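Okay, handing you the structure first.
Every number in this text was worked out from the coordinates using simple rules, so none of it is lab data. In this text the structure is predicted, and so the values were computed from the model without any measurement. We place every Cβ from the backbone using ideal geometry, glycine too, and count neighbours over all the protein chains shown.
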Amino acid sequence: MKKRVFGFLLPVVTIVLGAFIYGCTEKEEDLKGTIYGTVTDFATGEPIGNANVKLRPSGETTLTGNDGTFQFNNIEDGKYSLSLSKNGYVDLDDDYVINIKSGEKIRRDIQLRSQVSSFAITINGNEVDTIDFGADPSVDEISFTVLNNGTMELDITLRVSSGWLYFHRPNYNHSNYYNDYSDWWVYDLGPSEGEARSIRIRRENIQIGENIGYMYVSAGTLTKTYIIKATGLGMPVVSNPTLTNMTSSSCNAQSTVIDNGGWNIQDKGFQYYLNSNTHKISCGPGESNFNTQIPIGTGTSYANDSKVRAYATNGTYTAYSGWVYIQN
């Protein structure tokens, strides 16, 4: 009887033990988690294939399929996040925390934004489409910034269309940089970067009145045209001096600015010629009548070589009246 009982119990124990071992193996596998999802284009919603997906912090990587799907299996419990990259798209470090517990399967769909070519010209932080030098002859250089406000690195090309415009890169050592002044520039500009440039004007080469030129900024197939303006000045006109209050040693000279040539008179006054030398007396800026005392020497020699003329300058051109001889 004992042998029969033992023989009956042995298969039962074997079956129970086998079930216990199988059950333990199945439970351990179930404890491994899964992270899966689909990567799509932010603008179009289309799936993105062959995108690189990295699981952090483990460092495991995979590529999306043609349908944009990816999957990480057998993940231990813990907190994870994803990093994605794909040529033509902005790299993404996803800040969403995926918390795996007890073999969970968690879906995380991701959208990637296409890299965009975009730039702007700014002056003092403000975007502009026109650069105006105006008529002030003291303004011959204007600084601006080329700002890459896109998401990809740009190969920037700057060109100007006119002989009276050229570029100057600030803070360069002129003696060490052969192309400090040029009608073109080419350089790289990373996303969200800005670089200062400056454009200069040759006022002696522009015409009287409004002058229009162009600056072309290119990055790949993207080109923008910026208008460059400058007002050319004309020659001032000043009247011949009138001489009064003559004495043996001086006289009063008076004159008038008739025309400023398109800009404020920056200086006016008289030149006089005495004893074989030329002298100058400034009467300051402005367009009013002006006068001053002119020394004329002593004795009778002034009658032969003493003379005076008026002048006026608007910064670009200086005009002179005719000479008036000083005679007592």
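Do the alpha carbons of any pairs in Lys268/Lys307; Lys32/Lys86; Lys32/Lys79 sit beyond 19 Å of each other, and which pairs?
Lys32/Lys86
Just order 149-162, 213-226 by mean Cβ neighbour count inside 10 Å, highest at the front, would you? Write out the running numbers ahead of the final one.
Values: 149-162: 17.1, 213-226: 15.1.
With the highest mean Cβ count within 10 Å placed first, the list reads 149-162, 213-226.
Could you tell me the distance between the Cα centroids of segment 56-84 and segment 196-268, to the nearest Å?
About 68 Å separates the Cα centre of segment 56-84 from the one of segment 196-268.
Quick check on packing: order 316-323, 34-41, 66-73 by the mean number of other C-beta atoms within 10 Å, highest mean leading.
So the order, starting with the most tightly packed, is 34-41, 316-323, 66-73.
Now for a different question. At a Förster radius of 30 Å, what calculated FRET efficiency corresponds to the Cβ-Cβ distance of Thr223 and Thr44, to the nearest 0.05?
0.75
Based on the alpha carbon coordinates of segment 237-325, what radius of gyration and maximum Cα-Cα distance (Dmax) apply, in Å?
13.0, 44
Between Gly150 and residues 5 or more places away or on another chain, which pairs have amide H atoms under 5 Å apart, with H built 1.01 Å from N, and which residues are they?
Hits under the 5 Å cutoff: Ser118, Ser192.
For segment 73-140, which trypsin sites (Lys or Arg not before Pro) are in a loop by DSSP, counting at most 11 other Cβ atoms within 10 Å?
Numbers: sites: Lys79, Lys86, Lys101, Lys105, Arg107, Arg108, Arg113; in loops: Lys86, Lys101, Arg108, Arg113.
Taking segment 73-140 and a limit of 11 other Cβ atoms within 10 Å, the loop trypsin sites (Lys or Arg not before Pro) found are Lys101.
What shape does segment 31-112 have by the C-alpha gyration tensor, where a ≥ b ≥ c are the square roots of the eigenvalues, rounded means a/c under 1.5, and otherwise prolate means a/b greater than b/c and oblate the rest?
Taking the square roots of the gyration eigenvalues as a ≥ b ≥ c, segment 31-112 is prolate.
Let me ask something else about it. How large is log10 of I(q)/I(0) for segment 119-232 at q = 0.11, 0.17, 0.23 Å⁻¹ when the intensity is taken from the Debye formula with one equal scatterer per alpha-carbon?
-0.35, -0.82, -1.38
Say R0 is 51 Å: what FRET efficiency, to the nearest 0.05, do Trp184 and Asp67 get from their beta-carbon distance?
Numbers: r = 47 Å, r/R0 = 0.92.
Taking R0 as 51 Å, the efficiency between Trp184 and Asp67 is 0.65.
Right, another one. Label Leu31 and Glu127 with points 7 Å out from Cα along Cα→Cβ: what is the distance between them in nm?
So the two model labels end up 5.7 nm from each other.
Please give the direction-averaged projected area of the C-alpha convex hull for segment 77-122, in square nanometres with one decimal.
4.6 nm²
Each residue of segment 216-230 in turn: what ³J(HN,Hα) in whole Hz from Karplus with 6.51, -1.76, 1.60 and θ = phi - 60°, glycine and Pro shown as x?
With the stated coefficients, segment 216-230 comes to 9, 10, 10, 8, x, 8, 8, 9, 10, 10, 10, 8, 10, 10, 7 Hz.
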